[in-house]
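Notes for the one structure printed next.
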Amino acid sequence: MKPRHLLCLIACLVALAAPLARAADRPPNFVVIFIDDMGYGDLGCYGSKVHRTPRLDRMAREGVRMTDFYSSCSVCTPSRASLMTGCYPRRINMHVDEKKLCVLFPGARKGLNPEEITVAELLKAQGYATMCIGKWHLGDHPDFLPTRQGFDHYFGIPYSNDMGGRKGGGRPPLPLVRDETVIEAPVNQAPLTAQYTEEAIGFITANKAKPFFLYLPHTAVHLPLFPGKAFKGKSQDGAYGDWVEEVDWSTGEILDALEAQGIDEQTLVLFTTDNGSYREKEGSNLPLRGRKGRTDEGGMRVPCIVRWPGKIPAGTTSSALAGTIDILPTLAGLAGTRPPADRIIDGKDLWPVLSQPASAVSPHTAYYYYQMDQLQAVRSGTWKLFVPMASKKRNWGKPEGESVAKLFNLAEDIHEDHNLAASRPEIVERLLALAEKARVDLGDVDRPGKNQRKAGWAEKGIPLILAP
């Protein structure tokens, strides 16, 4: 080969290698898909026999399936606040609304404090493009919208899909919002999942050349049910199953888009839900006991699948205790930054668990089950203790109180059937001590916690409405 040709070949190889080196050095992309009210047992890879979820089942085969992953609360607003901030809801005072109800409503004065540092803000500071598509539910006042909390763009419904206008109720028609402007009200809900998916693919395509964070909190499968036309009547489980299967399709479309854009191996995708299903008798939460609105496992233990080709071992399972509070520190670490050091962050970096699921142990000594302002249970290792209380708050579908402590070994009794408190008093004592530690730190019904922070408050609630 002539020297001139050799030099030309070397130059070409260097030119080809440079983008590959930059791609390898740049931080990963993140896609977090967050479903509303989907139960632990609603996916094929978690045991469903009635729902067809081939793309999520494949995602589990290509990544890690978490078996002991928790939302921080069994209802919407608190669980979303935790994902955004890495904190228990009581830490940031997002456990109740201004009227002491369990979630925010349209026109609320309260919202996620702009002084909190969200995962979107951390990633944006690292040069990430950021977008939220779907249900926000952390305040609909302009000061609290996603565009004020670290997201470049927003497209979706700002709260639950059952919170639209009612006769004499004083609520505005259910709005579809782009950034901070209502573009449709009342929104036609049947096409929403397809619209969200199209928006997500557009965002991925537009930002493929730089790191991005896509947060996709679906409206599905919250009541009322609105599966798209292509899925309506197609499942074996009515409208609920139709919408579950449409969410599976949507996830597949997003995974296909990552592959089509050549960034599949640069992208971590996490799929989970905000709490358990409301469908206790239909089996959506089995093999767990309970449902949405309760601190039984069925209210707060949720499916979680994490996929990153080449980085997360395929076809693996982890029983490490983890939760949505861990998303912020985990993504921050992978992006080359850290959670804010000037405040308490409850979540832990899960990368050791995700990268070595067969051997890694949970970073949590304890995990706390709060419902509104009430500590109801604590888990440490495989042990879960329901603490004695005169009455339970927002205990949907069950009697009010627990007069004595109830102890369960979740590794052997996932349905919480056999109370072992009498035979294992030393475990009860240890978990009661952990519960007391939480009460001092985060508070309980009868006292504030010493390390709680303030929520955001607007002078006046401003309902989002379609401009005339």
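Please treat every number below as a calculation from the coordinates, not as lab data. Given the structure is predicted, the values throughout are model-derived calculations rather than measurements. Neighbour counts run over all protein chains shown; Cβ positions are idealised from the backbone, glycine included.
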For helix 3-25, report the angle its Cα long axis makes with the longest principal axis of the Cα atoms of the chain; keep it between 0 and 90° and round to the nearest 10°. 10 degrees
Give me the net charge for the shell around PRO448: Cβ to Cβ below 13 angstrom, other residues only, Lys and Arg +1, Asp and Glu -1. +3
Using alpha carbons only, how many angstrom separate the centre of the stretch 403-468 from the centre of the stretch 32-60? 27 Å
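Trypsin sites (Lys or Arg not before Pro), restricted to the stretch 100-130: which are DSSP loop and have at most 11 other Cβ atoms within 10 Å?
Details: sites: LYS100, ARG109, LYS110, LYS124; in loops: LYS100, ARG109.
Counting only loop positions with at most 11 other Cβ atoms within 10 Å, the trypsin sites (Lys or Arg not before Pro) in the stretch 100-130 are LYS100.
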Report the label-to-label distance for THR317 and ASN419 in nanometres (one decimal), using points 7 Å from each Cα along the Cα→Cβ vector. 3.0 nm
So which GluC sites (Glu not before Pro) in the stretch 358-461 are both in a DSSP loop and have at most 12 other Cβ atoms within 10 Å of their Cβ? GLU400, GLU412, GLU459
Label-point separation in nm, GLU459 to GLU265, each point 7 Å along Cα→Cβ: 5.6 nm
Can you tell me the relative contact order of the chain? Whole percent, Cα pairs under 8 Å, sequence separation 6 or more. 24 percent
Trypsin sites (Lys or Arg not before Pro) restricted to the stretch 254-354 and DSSP loop, no more than 12 other C-beta within 10 Å: LYS281
Once Lys and Arg get +1 and Asp and Glu get -1 on their Cβ, which of TRP243, THR337, LEU123 lies farthest toward the positive end of the dipole of the stretch 26-355? TRP243
Computed on alpha carbon atoms, what radius of gyration and Dmax characterise the chain, expressed in Å? 22.5, 89
Cβ charges +1 (Lys, Arg) and -1 (Asp, Glu), total dipole of the stretch 367-448, debye: 160 debye
Let me know the charge dipole size of the chain about its Cα centre in debye, to the nearest 20, where only the beta-carbon of Lys, Arg (+1) and Asp, Glu (-1) is charged. 360 debye
